[in-house]
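Everything on this sheet refers to the single structure shown next.
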Amino acid sequence: MTLSQDKLWYKLATFYQVNVRAFFDSNCDGHGDLAGVTQKLDYFSNLGVDCLWLMPLYPSPLKDDGYDISDFYNIQEVFGTVEDLRILINEAHARGIRIIMDLVMNHTSDQHPWFQIGRADKNSPYYDYYVWSDTTERYQDARIIFLDTLDSNWSWDDVAQQYYWHRFYASQPDLNYDNPAVRQEMQDIMKFWLDLGIDGFRADAVPYLFEREGTNCENLPETHQFLRSLRSFIDHNYPHAILLAEANQWPKDVLAYFHEGDEFHMGFHFPLMPRIFMSLKQEDRSSLVWIMDQTPPIPDDCQWCTFLRNHDELTLEMVTPEERQWMWEQYAPDPRMRLNLGIRRRLAPLLDNDPQKIRLAFALLFALPGSPIIYNGDEIGMGDNIWLFDRNGVRTPMQWDTSLNAGFSTADPQDLYAPVISEAPYSPAFVNVKDELEDPQSLLLFMRRLVEIRKGKPIFSYGQLDWLRQVNPAIAAFTRSYGNEMIVVLNNLSATSQKIDVPLKQANGQAYDLWAQQNWPVPFDGNLRLSLEPHQFLWLKFQT
Ligand code: NOJ
């Protein structure tokens, strides 16, 4: 397998998010590592994914699981070395798989030498790498993101005898992007990893780079201008590489991060995610239709990145307060399941470990516009541990088999970075890769088919989306159209059978069932007339 030469490869790709610490431990120290990911590359090839996103790899005091970087030019010791990453990239490329990595641009760890030197000496060039103030009065219109733990975006520093600005934990001081030296540093850091062979970056927390009085300090023009300069640097020197924006914003605001196709290649679609869960629980597609109606067209070379879950809480920032309350009641009945404005649970437990509902959620995600991303462990239906601190409960070790530590590591169980999920029905005895590979009915083999069916079909990446609004609201019914092809996608969101009887004049000829891989048994007469089982989905291909 070689890498696809398509410049727009990311528009067609299925992505997979790898929490390296949780994935596979190659040297028995209880932590997953880069060599472990390399050893498991066949797993990704079998699953059919095109690009891995590796969560932060840099040295870090781990106050925010690596999103607090203390050295941008190195790899955390437990993960291995820069050379290990080079090997992983080369081996992945040899299998046709690309790799992007997290880049935390907004802040550093307070242990980063820039902060350590800067706070101690106002005359050092590093003092001005951060945002200092004598009062906490500045930028009062900026919201607090980690609501459960913080009451201010300012913290007092005893060494500098001043306050410093931080949008996340106090151990993560924000960089001062008004300083040209900081902007240059970030470009140099990108260059270092791109020269190593990385295929791009998932750029963390990009809305918050600049601060301006009287604004909410998000999505500022200065931020966009700087991000465009990074894109131009990449385009000139590494035209195959991509930038994926983590901007937890409304689609109309994320649009600005695509700009005219000259800022980010991709952006996460945050508000779609809670609405997939909402529509399933309500057995009604309205919230999905609403959010897709709010999603503006994006420049041709750009793409949404869509997801069901990730390593953070299922964020409810992009819903109304009433909807949030309802989501908490429905999906997080135990207060321990709640965190900040979200829910710290994994996909399978959220969907009652119901195999058909989990399949439906993934199938819906893969049929909607955007390039989907799978969070490691969700493809086998892993559970969570709400007793662990912060978001750690959704970051437990990957369950490979039923051997010691679920086959994740041969270390003493006490030395694991986090305990393996131990309770039924999510313990390794019930959920593990090895058994699922041998079970034709497993979620993992379903995921492999899902990835395969979507692969190489530009209609899923480029096709227009049209809702079949006359269809009964319990069915998320839409078409994707591209050239003279159309796929009718029907998703029964409800736990009861549902009937459809609607005209579909734009289709003609014989329908082909993409899942059953055969022609639809009844000749098509211009009307879509059928019945769907509870939580059933159907993808029917027509010529138009
Ligand atoms: C977003 C990341 O996904 C999250 O895990 C992290 O805590 C914040 N950014 C701060 O870097």
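Given the conditions (1) crowded, with 22+ Cβ neighbours inside 10 Å; (2) more than 30 Å from Ala495 (Cβ to Cβ), and given that Phe277 satisfies all but one, which numbered condition is not satisfied?
Going through (1) crowded, with 22+ Cβ neighbours inside 10 Å; (2) more than 30 Å from Ala495 (Cβ to Cβ) one by one, Phe277 breaks only (2).
Being free of Cβ contacts under 8 Å to residues at least 40 places away in the same chain and not in a helix (DSSP H, G or I) is the filter; apply it to the stretch 114-130 and report the residue that is nearest to Phe15 (Cα to Cα).
Looking at the filtered set, the residue picked out is Tyr126.
Can you run down the residue pairs with Cβ atoms below 6 Å, 6 or more apart or on separate chains, where the first is in the stretch 39-55 and within 13 Å of Ile373 (Cβ to Cβ) and the partner is polar (S, T, N, Q)?
As it stands, the answer is Val49/Thr14; Asp50/Thr14; Trp53/Gln17; Met55/Asn19, since those pairs meet every condition given.
Identify, from the list Trp520, Trp539, the residue that is at pLDDT below 90, under 30 Å from Gln282 (Cβ atoms) and touching an Asp or Glu at 6+ places or on another chain (Cβ under 9 Å). Break it down stepwise before answering.
Working: Trp539 fails: at pLDDT below 90.
Result: Trp520 is the single residue among Trp520, Trp539 that is at pLDDT below 90, under 30 Å from Gln282 (Cβ atoms) and touching an Asp or Glu at 6+ places or on another chain (Cβ under 9 Å).
Looking at the stretch 131-150 only, could you name the residues that are out of contact with any Ser or Thr (no Cβ under 9 Å at 6 or more places or on another chain), polar (S, T, N, Q) and either part of a loop (DSSP other than H, G, I, E, B) or at positive phi (or both)?
Just the residues of the stretch 131-150 that are out of contact with any Ser or Thr (no Cβ under 9 Å at 6 or more places or on another chain), to begin with: 131-135, 137-138, 140, 143, 145-150.
Adding the requirement that they be polar (S, T, N, Q) leaves 133, 135, 140, 149.
Thr135, Gln140, Thr149 - these are the residues of the stretch 131-150 that are out of contact with any Ser or Thr (no Cβ under 9 Å at 6 or more places or on another chain), polar (S, T, N, Q) and either part of a loop (DSSP other than H, G, I, E, B) or at positive phi (or both).
Of everything in the stretch 318-346, what is within 12 Å of the ligand (Cβ to nearest atom) and either farther than 20 Å from Val18 by Cβ or touching a residue at least 60 places away in the same chain (Cβ under 8 Å) (or both)? Give them in sequence order.
Leu339, Asn340, Gly342
Suppose we filter the stretch 387-421 for residues that are assigned to a loop (DSSP other than H, G, I, E, B), surrounded by fewer than 18 Cβ atoms within 10 Å (Cβ to Cβ), away from the ligand (no atom under 16 Å from the Cβ) and aliphatic (A, V, I, L, M); how many remain?
1
Among the residues in the stretch 266-274, are any among the small types (Gly, Ala, Ser) and either touching a residue at least 40 places away in the same chain (Cβ under 8 Å) or part of a helix (DSSP H, G or I) (or both)?
Within the stretch 266-274, the first condition is being among the small types (Gly, Ala, Ser), and the residues that meet it are 267.
Of the ones still in play, those that are also either touching a residue at least 40 places away in the same chain (Cβ under 8 Å) or part of a helix (DSSP H, G or I) (or both) are none.
Checking the stretch 266-274: not a single residue is among the small types (Gly, Ala, Ser) and either touching a residue at least 40 places away in the same chain (Cβ under 8 Å) or part of a helix (DSSP H, G or I) (or both).
Just one of Thr149, Thr108, Thr135 is in contact with a Leu (Cβ under 7 Å, 6 or more places away or on another chain) and among the hydroxyl-bearing types (Ser, Thr, Tyr); which is it? Write out each step before concluding.
On the way: Thr149 fails: in contact with a Leu (Cβ under 7 Å, 6 or more places away or on another chain); Thr135 fails: in contact with a Leu (Cβ under 7 Å, 6 or more places away or on another chain).
Checking each option against the conditions leaves just Thr108.
Hey, which of the helices (runs of 4 or more DSSP H) in the stretch 294-376, taking only ones fully inside, have at least 3 residues that are surrounded by fewer than 22 Cβ atoms within 10 Å (Cβ to Cβ)? Explain how you work it out, then say what you get.
Details: elements: 321-331, 347-350, 355-367.
It comes to 321-331, 355-367.
Could you figure out which of (1) in contact (Cβ under 8 Å) with a residue 12 or more places away in the chain; (2) touching an Asp or Glu at 6+ places or on another chain (Cβ under 8 Å); (3) not β-branched (Val, Ile, Thr) isn't true of Glu452?
Result: Glu452 passes all but (2).
Name the pairs whose Cβ atoms lie under 7 Å apart, with the first residue in the stretch 59-70 and in contact (Cβ under 8 Å) with a residue 12 or more places away in the chain and more than 12 Å from Arg21 (Cβ to Cβ), the second within 9 Å of the ligand (Cβ to nearest atom) and assigned to a loop (DSSP other than H, G, I, E, B), and 6 or more positions between them or separate chains?
Pro61/Asp68; Lys63/Tyr169; Asp64/Phe168; Asp64/Tyr169; Asp64/Gln172; Tyr67/Pro56; Asp68/Gln172; Ile69/Pro56
Within the stretch 308-337, how many residues turn out to be among the β-branched types (Val, Ile, Thr) and in contact with a helix residue (DSSP H, G or I) (Cβ under 7 Å, 6 or more places away or on another chain)? Step through it out loud before you land on a result.
Step one: list which residues in the stretch 308-337 are among the β-branched types (Val, Ile, Thr), which gives 315, 319-320.
Applying the additional criterion that residues be in contact with a helix residue (DSSP H, G or I) (Cβ under 7 Å, 6 or more places away or on another chain) yields 319.
Final tally of qualifying residues: 1.
Tally up the residues in the stretch 231-252 that are in contact (Cβ under 8 Å) with a residue 40 or more places away in the chain and more than 12 Å from Val206 (Cα to Cα), please.
Initially, the stretch 231-252 is screened for residues in contact (Cβ under 8 Å) with a residue 40 or more places away in the chain, giving 233-234, 237-252.
Cutting the leftovers down to more than 12 Å from Val206 (Cα to Cα) gives us 233-234, 237-242, 250-252.
So the answer is 11.
How about the stretch 473-515: which of its residues are surrounded by 14 or more Cβ atoms within 10 Å (Cβ to Cβ) and among the charged types (D, E, K, R)?
Arg480, Glu485, Asp513 - these are the residues of the stretch 473-515 that are surrounded by 14 or more Cβ atoms within 10 Å (Cβ to Cβ) and among the charged types (D, E, K, R).
Pairs only if they're at least six apart or on different chains, beta carbon under 7 angstrom, first in the stretch 165-177 and at negative phi, second β-branched (Val, Ile, Thr) and within 10 Å of the ligand (Cβ to nearest atom); list them, first residue then second.
Note: pairs meeting the criteria are Arg167/Ile145; Phe168/Ile145.
Scan (1) away from the ligand (no atom under 16 Å from the Cβ); (2) under 21 Å from Arg344 (Cβ atoms); (3) not aliphatic (A, V, I, L, M) for the single condition Trp304 breaks and write down its number.
Condition not satisfied by Trp304: (2).
Only one of (1) buried (at least 23 other Cβ atoms within 10 Å of the Cβ); (2) free of Cβ contacts under 8 Å to residues at least 12 places away in the same chain fails for Val206. Which number is that?
Unmet for Val206, out of (1) buried (at least 23 other Cβ atoms within 10 Å of the Cβ); (2) free of Cβ contacts under 8 Å to residues at least 12 places away in the same chain: (2).
Assuming Met266 fulfils every condition listed in (1) surrounded by fewer than 23 Cβ atoms within 10 Å (Cβ to Cβ); (2) within 16 Å of the ligand (Cβ to nearest atom); (3) over 29 Å from Arg119 (Cα atoms) apart from one, which condition is it?
Single failed check for Met266: (1).
With the condition kept exactly as written, say whether any residue in the stretch 441-456 is within 26 Å of the chain's Cα centre (by Cα), modelled with pLDDT under 95, more than 24 Å from Ile380 (Cβ to Cβ) and in a loop (DSSP other than H, G, I, E, B).
For the stretch 441-456, residues within 26 Å of the chain's Cα centre (by Cα), modelled with pLDDT under 95, more than 24 Å from Ile380 (Cβ to Cβ) and in a loop (DSSP other than H, G, I, E, B): present.
When the stretch 457-471 is examined, which residues are found to be part of a loop (DSSP other than H, G, I, E, B) and not hydrophobic (A, V, I, L, M, F, W, C)? Even if it seems obvious, please write down each step before you answer.
Within the stretch 457-471, the first condition is being part of a loop (DSSP other than H, G, I, E, B), and the residues that meet it are 457, 463, 468-471.
If the condition is that a residue be part of a loop (DSSP other than H, G, I, E, B) and not hydrophobic (A, V, I, L, M, F, W, C), then Lys457, Gly463, Arg469, Gln470 are the ones that fit.
Of a type outside the set (Gly, Ala, Ser), without any contact (Cβ under 8 Å) to a residue 12 or more places away in the chain and away from the ligand (no atom under 16 Å from the Cβ): which single residue out of Asp141, Asp158, Asp134 fits that description? Please lay out each step first, then the result.
Working: Asp141 fails: without any contact (Cβ under 8 Å) to a residue 12 or more places away in the chain; Asp134 fails: without any contact (Cβ under 8 Å) to a residue 12 or more places away in the chain.
Selected residue: Asp158, the only one of Asp141, Asp158, Asp134 that is of a type outside the set (Gly, Ala, Ser), without any contact (Cβ under 8 Å) to a residue 12 or more places away in the chain and away from the ligand (no atom under 16 Å from the Cβ).
The values are calculated or read from the model by the stated rules, or taken from the named source; none is laboratory data. Since this is a predicted model, take the numbers as computed values, not measurements. Heads up, the Cβs are rebuilt from the backbone with ideal geometry, glycines too, and the neighbour counts pull from every protein chain shown.
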